[in-house]
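The next block holds one structure in the form of structure tokens; read it before the comments.
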Amino acid sequence: MRRLPPLTAIEAFVHVARLGSIKAAADELALSSPALSRRVQALERFIGKPLFERRHQALRLNAEGDRLLTRIAPALDTMSDAVEEMTSGIDLLRMRLGILPLFAEQQLLHRLPDLRRQHPELHLDIDTAGHWLPRLGDGLDAAIILAESIESTLYSRRLDRNRIHAIAARSMAEGEGRITDPKQLAGVTALVHRDMPESFVHWRRAAGCADVEPAAIDHFDSGALMLEAAAQGLGVAFMLEAHFRDARDDRIVPLFDLSVESDYSYWFVCRPRALTQRPVKLFHDWLLKSFNAIE
């Protein structure tokens, strides 16, 4: 049998290649950054070629590294699936799902009893840690993400279409000093989700005040915290209508009679081969039916 490099070195290479960062990959594998770097370097010595372009804190696959990843990543995924199948038990199916916390709270969890009734053998491991796309097939089976579009190498289905509202504390919309004109946003802070970075720009353009600059733009990676920040009067949140509606929080209201069609949607995403796995296929089919997914 032909000699192979250590599996730990291959695993380290795949994680770094997918995440683009030694630190992120080390966190994922519960290793120190120096230990992970040594594993990657061991693989490079074994092959006799560098596999990455090293740029400050980031790593980018070079042509050789990209060729190697294309060839070995599917094999590593197959090995992971085989081990998972052997250890999960015949009567238990498990799927690892990456998802934003606010979507899980507002849109998914109350639907899961129906999934449990239909497929009592299927169990979900919920992951809200982020960096979902690079981890598909390597720690995650599938994800529900917020994005404008999905790269063509992945399987994806759009789950919704939505509109963007300007959401603020009730005190900003009522009484003295209330905001009644979009141009008044020049004096307040805009609250924007990191996965919808252009939401304020799109809204501002549709409102006819493309030149208005807010006092500042604060970015959040949590929709729930954005809603709370808006309720506390810390700024105006530019959020999807569904999140505001489902929050059912009397402290916040939409400003103005204006909403803008959003370029951002929620998507179900996985690697194409993941749909051959029974847990993913069961969840996928149930999810699309439950959400009346958009073609």
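The values are calculated or read from the model by the stated rules, or taken from the named source; none is laboratory data. Keep in mind that this is a model prediction, so the values were computed, not measured. These accessible areas exclude ligands, DNA and RNA; they are computed on the full protein's heavy atoms, side chains included. Shrake-Rupley method; radii C 1.70, N 1.55, O 1.52, S 1.80 Å.
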When the scattering of the stretch 203-295 is computed by the Debye formula from its Cα atoms alone, each counted once and equally, what is log10 I(q)/I(0) at q = 0.11, 0.15 Å⁻¹?
-0.50, -0.79
Table column - 3J(HN,Hα) (Hz), the stretch 277-289, Karplus curve with 6.51, -1.76, 1.60, x for Gly and Pro:
8, 4, x, 5, 5, 4, 5, 4, 5, 5, 4, 5, 5
When the accessible area of the chain is split by element with a 1.4 Å probe, what percent falls to carbon and sulfur?
51 percent
Report for the chain the percent antiparallel among DSSP-assigned beta bridges with both residues inside it, nearest 5.
60 percent
Percent of alpha carbon pairs in the stretch 1-151 separated by more than 26 Å?
36 percent
Where the centre of each part is set by its Cα atoms, how far does the stretch 59-74 sit from the stretch 167-184, in angstrom?
53 Å
With a probe of 1.4 Å, find how much accessible area the stretch 1-154 has per residue, and write the answer as a whole number in Å².
57 Å²
Of all DSSP beta bridges having both residues in the stretch 156-272, the percent classed as antiparallel (nearest 5) is 65 percent
The chain - mean residue ellipticity at 222 nm from DSSP helices (-39,500 (n - 2.57) per run, n ≥ 4, rounded to 500)
-11500 deg cm²/dmol
Hey, got the Cα dimensions of the stretch 33-79 along the principal axes, in Å, largest first?
32, 23, 20
Quick shape check on the stretch 246-295: root eigenvalues a ≥ b ≥ c of the Cα gyration tensor, a/c under 1.5 is rounded, otherwise prolate if a/b tops b/c, else oblate, and it reads prolate
Please state the shape class of the stretch 105-181: rounded when a/c is under 1.5, otherwise prolate if a/b exceeds b/c and oblate if not, all from the C-alpha gyration tensor.
prolate
Accessible surface, per residue, of the stretch 186-295 when the full set of protein chains is kept, probe 1.4 Å, Å²:
47 Å²
Taking 1 over the mean of 1/r across every pair of different Cα atoms in the stretch 159-211, what Kirkwood radius in Å do you get?
12.5 Å
